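I have placed the structure first, in the form of structure tokens, so that the comments after it can refer back to it.
The values are calculated or read from the model by the stated rules, or taken from the named source; none is laboratory data. Computed from a predicted model, the values in this text were never measured in an experiment. Every residue, glycine among them, receives a Cβ derived from its backbone with ideal geometry; neighbour counts consider all protein chains shown. Surface accessibility is based on the protein's heavy atoms, side chains included, excluding ligands, DNA and RNA. Shrake-Rupley method; radii C 1.70, N 1.55, O 1.52, S 1.80 Å.
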Amino acid sequence: PNVGTGKLMIAETGSAIGTVPIASHVGSQIDIFNLDGDACIQDVKLKLDRLKELVEGQRLLAGLMFSCNGRGPDASYLIDEEMCDARTWSERFPSVPMLGFYAGGEIGPRAIVGNRNIFQRGQAALQGFTAVFVLFIVPKMDIGSFSLDDGHDSIYAFMRERMNSARTVSS
């Protein structure tokens, strides 16, 4: 706290970059994190290794990557590898094409420290210094459980059934 002002000072490498009134945050919990490039690299490798294990034996179509521009594409003071996240993907999934870009904020499932859940959905948030990966997997289908009959009689029967169910719902 910035003593005597009733404000919480937000600082980066020793210089103040802004203040927030303390009164508005009474009773709140503050988590403080230190960005560590080596830990970021290790985390992405661990998560992609886990993802690779989970999708073993499945047909993979492609991937998408949305990574913070603080993580690349160029090497920086924090992560000293060029294209670190993209390279890590291509090492784990060499035959799966990936398209993506580096951004100034990523939208994806909320990043939670220590989260072991690889497949996430919901709780989307705008966040920074994250890497969000999407993997398209060919669904497994039992061909024997459905019919691909597109003949006139089948289409007519299908439409009649849909129209009847639409009338029932609107009544």
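With a 1.4 Å probe and all protein chains left in place, how much of the accessible area of the stretch 46-105 comes from carbon and sulfur atoms, in whole percent?
Of the solvent-accessible surface of the stretch 46-105, carbon and sulfur hold 55 percent.
For labels at Tyr77 and Glu56 in the simple 7 Å Cα→Cβ model, what's the distance in nm?
4.2 nm
Could you name the aspartates and glutamates in cross-link range of Lys52, using Cα to Cα under 17 Å and dropping any fewer than eight places away on the same chain?
Asp43, Asp85, Glu91
Leaving ligands, DNA and RNA out of it, rank Leu148, Leu48 by accessible area with a 1.4 Å probe, largest first.
The residues order as Leu148, Leu48, largest area first.
Report the full-extension gain for the segment Gln42 to Asp150: residue separation times 0.36 nm, less the Cα-Cα distance, to one decimal in nm.
Stretched out fully, the Gln42 to Asp150 stretch lengthens by 33.8 nm.
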